[in-house]
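Scroll down for the structure; my scribbles are underneath it.
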Amino acid sequence: MIPAGLRKLLAIGSGAGFEIVGPRGSESLRVSAVRVRPTGARILGAFTIEDFEHQPAAAWGADYAAFLGKLGMRHVAATVVLPRHEVIVRQLSLPGISGKDLAGAVGYQVDSLHPYSEQDVLSSWSRLEDNSTVLVAIVRAEIIQRYATLFAEAGIKIAGFTCSAAVIYSALRMFGAKPPAEVLAYESDGTSVEV
C-alpha cells in the first residue's frame, strides 16, 4: 500500500475513458478526458456517441481521435467501463489469507460466483483497503472480445476494461483521504437504477 500523503503527490497524469451506458442493444458511449494533479482532477472535455454499435466504427473512431487531438492527448490509451448488466461483481471475505496465497484463494472461489462455464469467463479482483474483503469482477469472454473488436475497428487504443464498482471505489480513494463512512452513489437510465 502507498501511504496517503505519497499517493496524493503521485497523482499526476492524463487519461481518457469510455463508459458504455444504455439499454442492451442500443448502448451509447460517454467519452471523457481528465487531467489529474495533486490538487485534484479536472475534466478536460466530454461528449457522447449515441447508439455506437449501429454506426460505422471508423466514423466514431475519427470523432474520438479529433477529440484527443484537440486536447493534445493522442498518445493516451483509453479505459472502458463496461455496462453494469454485463458484469457480475461480488465481494469475497477472506480473513487470514496472506498476500501470496490470495490469488489462489480467489481463483478457487471464482467458479462459484457466476452461472457460466469456466472457459467462458474472464475475471479480475482487488483486495479492498484495510480489510480482508476482495472485490471480484466477472464478465463473459465474448463480451470483452466483442468490445475489443469494435474499438480496434474504430482505431482506438484500449488500456483495459473495468466496471463501475471498481471505478467508484478507486476514485473515492485517489487522493488518499478516506471517504465518509456512508456514501451512496446511484445512476438511473430510465429503465433501471444502479445503487
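The values are calculated or read from the model by the stated rules, or taken from the named source; none is laboratory data. Bear in mind that the values here come from a model prediction, so they are computed numbers and not experimental data. As a convention, Cβ positions derive from the backbone with ideal geometry for all residues, glycine included, and neighbour counts pool all protein chains shown.
Just a few scattered comments:
- Restricting Gly22, Gly15 to residues that are surrounded by 12 or more Cβ atoms within 10 Å (Cβ to Cβ), within 25 Å of His85 (Cβ to Cβ), modelled with pLDDT under 95 and touching a Ser or Thr at 6+ places or on another chain (Cβ under 6 Å) narrows the list to Gly22.
- Candidate set: region 29-54, residues that are in contact with a helix residue (DSSP H, G or I) (Cβ under 6 Å, 6 or more places away or on another chain) and not in a strand (DSSP E or B); chosen: the one farthest from Glu19 (Cα to Cα): Pro38
- Flag if Ala103 is of a type in the set (A, V, I, L, M) and in contact (Cβ under 8 Å) with a residue 40 or more places away in the chain: no
- So Gly69, is it over 29 Å from Thr48 (Cα atoms), over 20 Å from the mean Cα position of the chain (by Cα) and small (Gly, Ala, Ser): no
- Taking the listed residues Ser124, Ser132, Ser93, Ser164, the one that is touching a Pro at 6+ places or on another chain (Cβ under 6 Å) and in contact (Cβ under 8 Å) with a residue 12 or more places away in the chain is Ser132, with no other qualifying.
- Of all residues in region 122-151, those satisfying the criterion of being loosely packed, with under 15 Cβ neighbours inside 10 Å and assigned to a helix (DSSP H, G or I) are Ala141, Glu142, Gln145, Arg146, Ala148, Thr149.
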